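To start, the structure under review is shown below, and the notes come after it.
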Amino acid sequence: MYVRDAKNREEVWLLDHIESMGLDETAFRSRDYVVAVDEESGEKAGFGRIRVHKPDEEADVCELTSIGVLEGWREQGVGAHVVERLVEYASDEGFDTVYSLTGEGRYLAQFGFQRIDESSLPDVLQDRLEAKRDGVDPDAVAFSIDVAEFRVPDRLRDAFKNAPDGREDADDEESPEDFGIDPDSATYKYDTGR
């Protein structure tokens, strides 16, 4: 199991899973995502994103959002390593603090995220929190972490290293949908009609 940058051809896959999980797809760009992949089967197990807000009058702000783990892969440390990779990327981009606006705060707390008062959020995230509450996550509250304080608990690191195959019927082949092609309506240059 490993976590890597999302590829452009995974845009349809990401959007399908974001929608099915009821996650936030605001300002979607596949290049902002990472994907957890099983080394043996090549099956995608989870994903997440950092979103950098660039307000006019304030410093840039980094938000963790749209973190999801597919059903057969939950409880195996996949989400922990997606979050870890995103925090590493935020640190690499020079952010000392990472924010998250979510109703799943208990999950983030195990990594050191702390709930913070809305009034201490940068203005751009105060507006974003309100929009999230009105949309995909009515229970969203604000969390933040100093990137130097981030830790993955050993139990989650071990679960990720030893994650068994998430599904028995793992599909090794790429499908037309992986490339954004609808096989029911697509025509091909050399289609003979057979």
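The values are calculated or read from the model by the stated rules, or taken from the named source; none is laboratory data. All of these numbers come straight from a predicted model, not from anything done at the bench. No Cβ is skipped: glycine too gets one built from the backbone with ideal geometry, and neighbour counts run over all protein chains shown.
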For segment 16-42, pairs from a residue that is within 15 Å of residue 70 (Cα to Cα) and without any contact (Cβ under 8 Å) to a residue 24 or more places away in the chain to a residue that is hydroxyl-bearing (Ser, Thr, Tyr) and part of a helix (DSSP H, G or I), with Cβ under 7 Å and 6 or more apart or across chains, are none
Which numbered condition in (1) farther than 17 Å from residue 128 by Cβ; (2) out of contact with any helix residue (DSSP H, G or I) (no Cβ under 8 Å at 6 or more places or on another chain); (3) buried (at least 22 other Cβ atoms within 10 Å of the Cβ) is the only one that residue 86 fails?
(1)
Could you please tell me which pairs satisfy a Cβ distance under 9 Å, a separation of 6+ or placement on different chains, a first residue in segment 132-153 that is over 19 Å from residue 122 (Cβ atoms), and a second residue that is of a type outside the set (S, T, N, Q) and surrounded by fewer than 13 Cβ atoms within 10 Å (Cβ to Cβ)?
136/22; 148/96
Looking only at segment 137-156, count every residue that is assigned to a loop (DSSP other than H, G, I, E, B) and among the acidic types (Asp, Glu) and tell me the total.
2
Flag if residue 24 is under 19 Å from residue 136 (Cα atoms) and surrounded by 14 or more Cβ atoms within 10 Å (Cβ to Cβ)
yes
In segment 118-131, how many residues are touching a residue at least 40 places away in the same chain (Cβ under 8 Å) and farther than 18 Å from residue 97 by Cα?
1
For the condition at pLDDT 75 or above and farther than 29 Å from residue 38 by Cβ, what is the one hit in 185, 144?
144
Expected single match for within 21 Å of the chain's Cα centre (by Cα), modelled with pLDDT under 80, surrounded by 15 or more Cβ atoms within 10 Å (Cβ to Cβ) and not acidic (Asp, Glu) among 105, 166, 180, 112 is 166
